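> Please see the structure below; I have some questions.
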Amino acid sequence: MTTHNKSSYCESCSRYPYVGRVSVGEEDSVDFTYQFVKKRFVAVDHRSLSIFHTAPDIIGPPKFQNYGQPFHLPIPFYDMKRIKDGTVSISPWQNKDFMRPIDGLIPSDDDTTSEKRFIDIEFHEAVYPIRVCIYEICNPGSVIQILAQDSNNHWIQLWDESSQIVLPKSRLFSPPLSHSCNFKTKMLKLVFKGSSQVSYTKLDAVIGTSELILSRNPNESLTNLLKRINSMYYPYYDDVHNLTTDSENAHLDIVHLQQNFPEYCICKSDIRRVSYKNNLKHKKVSQEVIPGYEQPPDQRYPRRILLKSNSNCAKRLKLSLDESKELSRCSLSALPFYILSLQNEILLIILKNLDLKTLYRMSNVNKRFKNLTEDPELYTCLNMRYISSDKYMCDIFCYFTPRCKYLKQLDLTGCNFDVNDFVNFLDNCGKRLTHLRLSALSLSGGIDLNPVLLKTSETCKNLKELDLSNSAIDDEGFSYLEGLNNLEHLDISNTGIRTERFCKILQNNQRMRQLSADSDSLNDAVLIELRNSCRDLEVICSLDACDFTSQGINALANCKNLQKVDLELEEYPVTDDSLFRLLSSYQNLQEVHLSGSILTNHRLELLAQCKNLKKLHLIDMKLDIPDKCSVILKQCPKLQEFYFMCCILCNINQLVNQWKERYPHVSVYTFC
């Protein structure tokens, strides 16, 4: 379970899995068990990005932000189908990952792999499941079926997707189980839909009972009983597809059921011999941790589950009603007075958190709001992505020119525009620009970027980050970049820059910290120039061992501050470990991408000397003994993410489960 800000559950539930025991009669009891995932199993060639993102952290307590907070996938994914019509926004940039996008490595999902879109999950203890709680953090609605495994290893359906409209925001999803489970199980199967949208899902817990319980009303299922109890707490919620719509006060229906068990339920085994007393004061409740489970010290998060006083909830509901009545007595005509009394500075702080559509609507309220929504402080960032119409782009430039006096970040990825329109815009709004993306402009047609780069070098003297990747630029265009001298981030991947021009740009930008270029452009001459001019370099992508010699390796050795390295090792001799010795010498190295070679045990031992390593990506690598990778997890205490992409591994599910048990802080991503 996750930790919520508001106190809505029992504060004493500090250990997990949790058992709430309800006495039934004088001697018997029913355990309500809340437990998370112990092991997970996925098809090796599932071809699902949703499963790829979901599987690594489904074991143990989920790790993520509270509901409603912004969330970004751990690996960049660019869905061209969603952005083909273009987008415009004024939100600040997300840090662009310099590494290769993951969608280029995982084939797109199709009907031929539909039977492999699942994750099997195992829990600590077999129970009769009464609730499955799923955190859908990104693109909810991807889970379409839940099944349970019986004693004969048959999969029995508990729930399948109903026709529902799912809002695009994170949620705690607990579907009403449409099929009762009359057998104990500790194995569930989550089935995902095939979609181009990438979802990010974490399974919170399965809530189950030690005995099969039934509603006292023989005509009412347990699911309908929980729905009825839910309606007592939330009479105005109409989401019949989710029993935990209020994520901050989840499971109050089950808490209420526990506290009033004799009133609502009966054990199937005791139907004929148990008589319940109506005096609830004699109900006993105890807590215990599942025997044999020792929770890691760094994951004993407060678990505010269960046992919340119903009277407190009733008080909160009463207070809310009283407050609503009090507000209704206020004259609506007085609201403009209070709004007008606010200082413009305060209103601007509020407006900075709104999107363009909302700002436009507010500009139509009155003249004061119109002036405020045009304040240049609101338009320090401008993102126009994949807009194909140059006429539309002209209108956008005209609209934003008077508003972008303080513009700092501009993104024109994949756009088609008239060069003169952009040059005029840059002349008016580019003096404060520090970040500029002109990526993928070759997708939008034959744009002559020479006038654009000339104006950029003349106007944008404060430019720190420049992205020209996948754009058609000739040598004349690159020559204008020599006029810039404050660049810290430069991405010229897939541009075909000449070595001499590349070196001159580096000479004039000695603050360079992050560099992305074609592997054949990063040759000995460029690496030597990096050593001489850019000693503060932290990130380099992508190096190809075939394009440089020992001179280049020696030059790289002098870039002592390297933190991220992308290294292609295809055709690199397996007997030569000089590059791995180089990597082990970097004390600040945090992220490494390796592809196309054999990873011997000795090379693994050299990598394990990178004590500050946080992310390790192995792509199309052959391993002598896959289990030897545990030396990385053992000797790199700061490791957070471990990727195996297109690597041939035997018993990968077994290995991942073992690693997750020993190193719960590491997320292991696999696709073979």
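> Please determine whether any residue of segment 658-671 is more than 17 Å from Leu599 (Cβ to Cβ) and modelled with pLDDT of 95 or more.
There is no residue in segment 658-671 that is more than 17 Å from Leu599 (Cβ to Cβ) and modelled with pLDDT of 95 or more.
> I've got another one for you. Pick from segment 406-422 the residues that are outside any helix (DSSP H, G or I) and touching an Asp or Glu at 6+ places or on another chain (Cβ under 9 Å): which of them is nearest to Thr434 (Cα to Cα)?
Here the answer is Gln409.
> Next question. Only one residue in Leu449, Leu438, Leu410, Leu454 is aliphatic (A, V, I, L, M), farther than 23 Å from Gln563 by Cα and in contact with a Phe, Trp or Tyr (Cβ under 8 Å, 6 or more places away or on another chain). Which one?
One residue alone meets the criteria, Leu454.
> Still on this structure, I have one more. Please go through segment 574-594 and give me each residue that is under 13 Å from Lys615 (Cβ atoms) and among the acidic types (Asp, Glu), ordered by number.
Glu591
> May I pose another question? So which residues in segment 496-527 are of a type in the set (Gly, Ala, Ser) and outside any helix (DSSP H, G or I), if there are any at all?
Scanning segment 496-527 gives Gly496, Ser516, Ala517.
> If I ask for residues that are assigned to a loop (DSSP other than H, G, I, E, B) and in contact with a helix residue (DSSP H, G or I) (Cβ under 8 Å, 6 or more places away or on another chain), which ones from segment 373-383 would you list?
Glu374, Asp375, Tyr379
> Kindly evaluate Leu530 against the criterion of being surrounded by 19 or more Cβ atoms within 10 Å (Cβ to Cβ), out of contact with any Lys or Arg (no Cβ under 6 Å at 6 or more places or on another chain) and in a helix (DSSP H, G or I).
It is true that Leu530 is surrounded by 19 or more Cβ atoms within 10 Å (Cβ to Cβ), out of contact with any Lys or Arg (no Cβ under 6 Å at 6 or more places or on another chain) and in a helix (DSSP H, G or I).
> Right, here's the next one. Restricting to segment 351-369, name every residue that is closer than 20 Å to Val88 by Cα and in a helix (DSSP H, G or I).
Matches in segment 351-369: Leu351, Leu356, Lys357, Thr358, Leu359, Tyr360, Arg361, Met362, Ser363.
> Considering only segment 364-419, state which residues are β-branched (Val, Ile, Thr), under 27 Å from the mean Cα position of the chain (by Cα) and over 15 Å from Thr87 (Cβ atoms). Step through it out loud before you land on a result.
Restricting attention to segment 364-419, the residues satisfying the condition of being β-branched (Val, Ile, Thr) are 365, 373, 380, 387, 396, 401, 413, 419.
From the residues that got through so far, the ones that are under 27 Å from the mean Cα position of the chain (by Cα) too are 380, 387, 413.
Answer for segment 364-419, where residues must be β-branched (Val, Ile, Thr), under 27 Å from the mean Cα position of the chain (by Cα) and over 15 Å from Thr87 (Cβ atoms): just Thr380.
> Being surrounded by fewer than 17 Cβ atoms within 10 Å (Cβ to Cβ), free of Cβ contacts under 8 Å to residues at least 40 places away in the same chain and among the small types (Gly, Ala, Ser) narrows it down to one residue among Ala557, Ala517; which is it?
Selected residue: Ala557, the only one of Ala557, Ala517 that is surrounded by fewer than 17 Cβ atoms within 10 Å (Cβ to Cβ), free of Cβ contacts under 8 Å to residues at least 40 places away in the same chain and among the small types (Gly, Ala, Ser).
> Also: Could you list all residues from segment 384-402 that are within 24 Å of Leu354 (Cβ to Cβ) and either at pLDDT 95 or above or in a helix (DSSP H, G or I) (or both)?
Tyr392, Met393, Asp395, Ile396, Phe397, Cys398, Tyr399, Phe400, Thr401, Pro402 - these are the residues of segment 384-402 that are within 24 Å of Leu354 (Cβ to Cβ) and either at pLDDT 95 or above or in a helix (DSSP H, G or I) (or both).
> Please work out if Asn428 is assigned to a helix (DSSP H, G or I), modelled with pLDDT of 95 or more, out of contact with any Lys or Arg (no Cβ under 9 Å at 6 or more places or on another chain) and farther than 27 Å from Val526 by Cα.
So Asn428 does not fit the description; no.
> If you go through segment 3-27 one residue at a time, how many are hydroxyl-bearing (Ser, Thr, Tyr), part of a loop (DSSP other than H, G, I, E, B) and either within 13 Å of Glu211 (Cβ to Cβ) or modelled with pLDDT of 65 or more (or both)?
So the answer is 0.
> Which number in (1) closer than 25 Å to Glu500 by Cβ; (2) surrounded by fewer than 19 Cβ atoms within 10 Å (Cβ to Cβ); (3) modelled with pLDDT under 95 marks the one condition that Ser469 misses?
(2)
> Given the conditions (1) modelled with pLDDT under 95; (2) closer than 23 Å to Gln590 by Cα; (3) among the β-branched types (Val, Ile, Thr), and given that Thr495 satisfies all but one, which numbered condition is not satisfied?
(2)
> Say we look at segment 112-162 and pick out the residues that are touching a residue at least 40 places away in the same chain (Cβ under 8 Å) and polar (S, T, N, Q); which of these is farthest from Leu252 (Cα to Cα)?
Per the criteria, the residue is Thr113.
> Return only the number of the condition from (1) more than 19 Å from Ile540 (Cβ to Cβ); (2) touching a strand residue (DSSP E or B) at 6+ places or on another chain (Cβ under 7 Å) that Leu466 does not satisfy.
Unmet condition: (1).
> For Thr244, state whether it is under 25 Å from His53 (Cβ atoms), in a strand (DSSP E or B), at pLDDT below 90 and in contact with a His (Cβ under 9 Å, 6 or more places away or on another chain).
Working: under 25 Å from His53 (Cβ atoms): yes; in a strand (DSSP E or B): no; at pLDDT below 90: yes; in contact with a His (Cβ under 9 Å, 6 or more places away or on another chain): yes.
So Thr244 fails the test.
> Also: In segment 364-379, which residue that is without any contact (Cβ under 8 Å) to a residue 40 or more places away in the chain and buried (at least 16 other Cβ atoms within 10 Å of the Cβ) is nearest to Gly430 (Cα to Cα)?
Asp375
> Here is a further query. Return the pairs, sorted by first residue and then second, in which the second residue is of a type in the set (Phe, Trp, Tyr), the first residue lies in segment 246-262 and is in contact (Cβ under 8 Å) with a residue 12 or more places away in the chain, the beta carbons are less than 6 Å apart, and the residues are 6+ apart or on different chains.
Ser247/Tyr67; Leu252/Tyr233; Leu257/Tyr264; Gln258/Phe32; Pro262/Tyr276
The values are calculated or read from the model by the stated rules, or taken from the named source; none is laboratory data. On a predicted model such as this, the values are computed, not experimentally measured, just so you know. Positions of Cβ are backbone-derived with ideal geometry, glycine not excepted, and every protein chain shown enters the neighbour counts.
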